[in-house]
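Before any comments, here is the structure.
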Amino acid sequence: MKAVVCEAFGGPEVLALRDVPDPPPLGPGEVQVRIEARGVQYVDVLMLAGKYQFRPEPPFIPGSEAAGTIVAVGNGVTDFRVGDRVMSRHSLGACAELGNAKAALCDHVPRGMSIEAAGVFRGAYSTAYHALLQRGRMKPDEWVLVHGAAGGIGIAAIQVAKLFGARVIATASSDEKRAACLEEGADHAIGYQGGFLDKVKELTGGRGVDIVYDPIGAQVTEESLRCLAWCGRLLILGFLGGGPANIRSNYLLIKGIDAIGVRIGGLNEADPELAIANMKALAELAAEGKLQPRISHRFPLAQAADAIQAVIDRRVIGKAVLVS
């Protein structure tokens with residue numbers, strides 16, 4: 001089969017399209033998927049650079065979320081059969097023509113959803129759903145400040161927050177990205193460069209927000225603490241802005257703030273049953289037309305390096321997808 005291989009640690013230039021052996025024989029409870037679409041994530045950037053907490057040694061086939069058609073089923077698989085269209089999760093290996101996955105980590109492609117949308121759905125929406133509803137304890141009519149709102153997990157957060165009755169202030173770096181956030185349902189979309197505290201206070205009548213959804217880190221996190229209302233929740237999802245923030249504990253003390261880490265990989269490891277239940281719920285919402293990924297960039301598998309570069313350059317609004 002054809003596959004994109006990471007041949008050394010580095011940037012997009014370390015990727016090459018190669019002929020590699022087909023996946024090994026299926027184990028019990030596994031399915032083999034002919035992959036047609038794969039999501040491209042910032043996690044992939046970190047993994048190629050050897051900077052992610054899960055650090056496979058090159059050569060390896062990157063990619064963790066995909067969608068395609070089942071071509072074989074292993075012993076004990078009862079929920080799927082050959083020919084089913086599925087969304088699949090992989091530890092590695094999604095950037096290939098074939099991939100093996102645990103059946104428990106697959107879901108049928110929701111009715112009405114394209115295979116491209118299915119290929120980018122799992123990671124972003126499971127993150128937003130778990131972060132806002134379970135870790136953030138979001139309630140209807142609460143104010144949610146979503147940073148990096150035009151990215152994959154940001155668009156998902158806007159949609160999930162609005163679906164469950166929250167009011168959303170989105171931050172993004174350009175007019176084009178802010179327009180996309182409004183199209184996806186955000187009540188307000190503002191810039192963050194040069195500061196955002198005064199605007200957030202104005203929009204909330206001086207009260208502040210109940211939840212900050214923060215994949216940016218650094219100075220954005222520090223200013224976000226000042227935007228939170230009494231008993232607000234800071235959801236820490238990553239450090240795209242240059243690194244972790246040094247959170248001042250007096251802010252947490254004075255306003256009763258919860259600082260909450262959110263890592264979807266940690267949920268998958270610590271509570272797989274909850275992770276699977278979340279995906280079932282999300283797939284049902286998608287089938288009802290209530291959640292829909294936004295895809296701004298599509299690349300053939302052979303151009304995986306270009307897709308990674310688009311993510312690095314912050315050109316992607318929503319998601320980028322690699323298609324066969």
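Approximating the spin labels as points 7 Å out from Cα along Cα→Cβ, the ALA218-to-GLU284 distance works out to 4.1 nm. Under the rule a/c < 1.5 gives rounded, and otherwise a/b versus b/c splits prolate from oblate, where does region 151-286 land using the Cα gyration tensor? In terms of gyration-tensor shape, oblate.
Multiply the residue separation of THR69 and ILE312 by 0.36 nm, subtract the distance between their alpha-carbon atoms, and state the gained length in nm to one decimal. List each step's numbers first, then the result.
Values: separation 243, 0.36 × 243 = 87.48 nm, distance 2.98 nm.
Computed gain between THR69 and ILE312 is 84.5 nm.
A 1.4 Å probe run over the protein chains yields, for region 213-324, 47 Å² of accessible area per residue, whole-number rounding.
Per-peptide packing, taken as the mean over residues of other Cβ atoms within 10 Å, places 65-71, 4-10, 91-97 in the sequence 65-71, 91-97, 4-10 from highest down. The Cβ shell under 15 Å around PRO21 holds other residues with a net charge of -1, Lys and Arg each +1, Asp and Glu each -1. Annotation: for a label point projected 7 angstrom from Cα along Cα→Cβ of PHE239, no residues of region 2-43 have a backbone N closer than 13 Å.
To the nearest 0.05, what FRET efficiency results for PHE60 and ARG248 with a Förster distance of 41 Å applied to their C-beta separation? Please report the intermediate quantities before stating the final value.
Details: r = 40 Å, r/R0 = 0.97.
With R0 = 41 Å, the Cβ-Cβ based efficiency is 0.55.
The order of the peptides 267-279, 308-320 by mean Cβ neighbours within 10 Å, most packed first, is 308-320, 267-279.
Taking each of LYS162/LYS255; LYS139/LYS199; LYS51/LYS162; LYS51/LYS255; LYS51/LYS290 in turn, the alpha-carbon distance tops 31 angstrom for LYS51/LYS162; LYS51/LYS255; LYS51/LYS290.
If the chain linking VAL323 and ASP19 were pulled fully straight, counting 0.36 nm for each residue of separation and taking away their Cα-Cα distance, it would gain 107.7 nm. When Lys and Arg each count +1 and Asp and Glu each count -1, what net charge do the other residues less than 14 Å away from ALA287, Cβ to Cβ, add up to? Taking every other residue near ALA287 into account, the sum is +1. Note on the chain: helix-only mean residue ellipticity at 222 nm, from DSSP H runs of 4+ residues weighted -39500 (n - 2.57) and normalised by residue number, equals -8500 deg cm²/dmol. Net charge in the neighbourhood of LEU203 (other residues with Cβ under 12 Å of its Cβ; Lys, Arg +1, Asp, Glu -1) is +1. Note on the chain: Kirkwood radius taken over Cα pairs, Stokes-Einstein applied at 10 °C and 1.306 mPa s, translational D equal to 79 µm² s⁻¹.
Beyond 19 Å, what share of the Cα-Cα pairs of region 101-210 is found? Please give it as a whole percent. Each step should come with its number before you reach the end.
Numbers: 2906 of 5995 pairs.
Of all Cα-Cα distances in region 101-210, 48 percent exceed 19 Å.
Packing, taken as the mean count of other beta carbons within 10 Å per residue, orders the peptides 117-123, 199-205 from highest to lowest as 117-123, 199-205.
Using a ≥ b ≥ c from the Cα gyration tensor of region 54-152 (square roots of the eigenvalues), is it rounded, prolate or oblate, where a/c under 1.5 gives rounded and otherwise the larger of a/b and b/c decides, a/b for prolate? Because a/c hits 1.5 or more and a/b exceeds b/c, region 54-152 counts as prolate.
Rolling a 1.4 Å probe over the protein heavy atoms leaves ILE190 with an accessible area of roughly 20 Å².
Note on THR78/SER114: beta-carbon distance plugged into 1/(1 + (r/R0)^6) with R0 of 22 Å gives a FRET efficiency of 0.25. In the chain, the portion of solvent-accessible area held by carbon and sulfur atoms comes to 51 percent [1.4 Å probe, whole percent, DNA, RNA and ligands not counted].
Entry comment: accessible area of region 1-147 is 42 Å² per residue, from protein heavy atoms only and a probe of 1.4 Å. Partners of LYS177 within straight-line reach, counting aspartates and glutamates whose Cα lies under 18 Å from its Cα and excluding those fewer than 8 residues away in the same chain: ASP187, ASP214, ASP313.
Could you tell me the calculated FRET efficiency between ARG298 and GLU273, based on Cβ-Cβ distance and R0 = 35 angstrom, to the nearest 0.05?
The pair ARG298/GLU273 has a calculated efficiency of 0.55.
The modelled label-to-label distance between LYS139 and LEU163, using points 7 Å beyond Cα along the C-beta direction, is 2.2 nm.
The values are calculated or read from the model by the stated rules, or taken from the named source; none is laboratory data. What you see is a predicted model; the values in this text were computed from it and never measured. All Cβ positions, even for glycine, are placed from backbone atoms using ideal geometry, and neighbour counts span all protein chains on display. We work out accessible area using only protein heavy atoms, side chains counted, and drop any ligands, DNA or RNA first. Shrake-Rupley method; radii C 1.70, N 1.55, O 1.52, S 1.80 Å.
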